[in-house]
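Derivation of every value follows stated rules applied to the coordinates shown; laboratory data play no part. Everything numeric in this text was worked out from a predicted model, so none of it was measured. Cβ coordinates were reconstructed from backbone atoms using ideal geometry, including for glycine residues, and neighbour counts include every protein chain displayed.
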């Protein structure tokens, strides 16, 4: 039987962390799977994307669509037009998409309209917030896909409640955690903390990029006020997202960041590579974020996480992990931080199947079910 031709799509920074273990697992079966890696170019900054190929040991993309930035409609349309040509040229048996970015939805729609089967890795996550573009992407993707690979029982329950055929759902665990476990030792050996003069448990890290938090001046100001107050107790390391940097400057909020030689304060850095940021988070006293993936990583690392959003598509991290959902109001952020700094933190546990083997399970499923589909 000829090898399965599988197009694997990445588009934005979190996608690379999810795709890396899948590519590695596929490469264990060179006679059975022919993987093709497509990078849509949705994230095109070196630190936001390209450096991840080096950090994660991923092969360079076979195809780079180079779509760049734009409105959601512009970006989605450019991806669909470019990806249709890829599918017509390569005639894949299957397309694999990961996560919830525009590339995920755009490539799913394109492939399905061409009659190509699609698998979604990280299916079934729901925030119930239709103001989030990612929620729209998740819903559109999951309703179309042939294989839905889930990270936890809550995702399974969401899909079943939406009427998805149970035979399409496969609970495999979390590929993001596969990547973390593979690189944890390597990250621990970096000397970035020493270079920055940081001591383990003596600092916090911050990520901030969601439009609801950074495009509204009042929301952004409240968050930065809270972070600034926390930073008087310990330094807060902030690898600033290009979008956030632009909005901070636009709103004239640069004054919240450290500009002196004092130890305390919010320390701005350029976006960090995967290993560098994992290294910092492993030693942090707490993590402040509006990201999705960091909620999962901190749960496995056992590091307290304050998620500055009103909802999360990863509630398992609150139910079983170390994550606390607080919204974006200054008082709530500070109250959560004070509890953590005074030792009132959830012990947490690692969710089922977050064991570093999710990618293996996915490839096992595909080899079994796709052999019958061809």
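Here are the numbers:
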item	result
Angle in degrees between helix 358-373 and the longest Cα principal axis of the chain, rounded to the nearest 10	20 degrees
Average projection area in nm² (convex hull over Cα atoms of the chain, one quarter of hull surface)	17.4 nm²
Relative contact order of the stretch 163-237, defined on C-alpha pairs under 8 angstrom at six or more residues apart (%)	29 percent
Computed over the chain: relative contact order in percent, which uses C-alpha pairs under 8 Å that are six or more apart	16 percent
Euclidean distance of C-alpha centroids, the stretch 334-365 and the stretch 169-205, integer Å	13 Å
Extension gain (nm, one decimal) between residue 166 and residue 347, 0.36 nm per residue minus Cα-Cα	61.8 nm
Peptide ranges 358-368, 301-311 listed from the most packed, as the mean C-beta count within 10 angstrom indicates	301-311, 358-368
Helix-only mean residue ellipticity at 222 nm for the chain, each DSSP H run of n ≥ 4 adding -39500 (n - 2.57), per residue, nearest 500	-13500 deg cm²/dmol
Simple label model, 7 Å out from Cα along Cβ direction - residue 181 to residue 85, nm	4.1 nm
Within a Gaussian network of the chain (alpha carbon springs, distance under 10 Å), most fluctuating of 160, 294, 206	160
Helix axis angle, 102-113 relative to the chain longest principal axis, alpha carbon, degrees	10 degrees
Cβ-based exposure ranking for 151, 324, in which fewest neighbours within 10 Å come first	324, 151
Among 317, 108, 199: highest mean-square fluctuation, GNM of the chain, C-alpha pairs under 10 Å	199
Burial order of peptide ranges 182-194, 271-283 (average beta-carbon count within 10 Å, highest first)	271-283, 182-194
FRET efficiency for residue 1 and residue 190, using Cβ-Cβ distance with R0 set to 56 Å, rounded to 0.05	0.80
Mean separation of Cα contacts under 8 Å, 6 or more apart, over the residue count of the stretch 183-341: relative contact order %	26 percent
On Cα atoms only, tilt of 217-230 relative to the major axis of the chain in degrees	60 degrees
Ranked packing of 67-79, 91-103, most packed first, by mean Cβ within 10 Å	91-103, 67-79
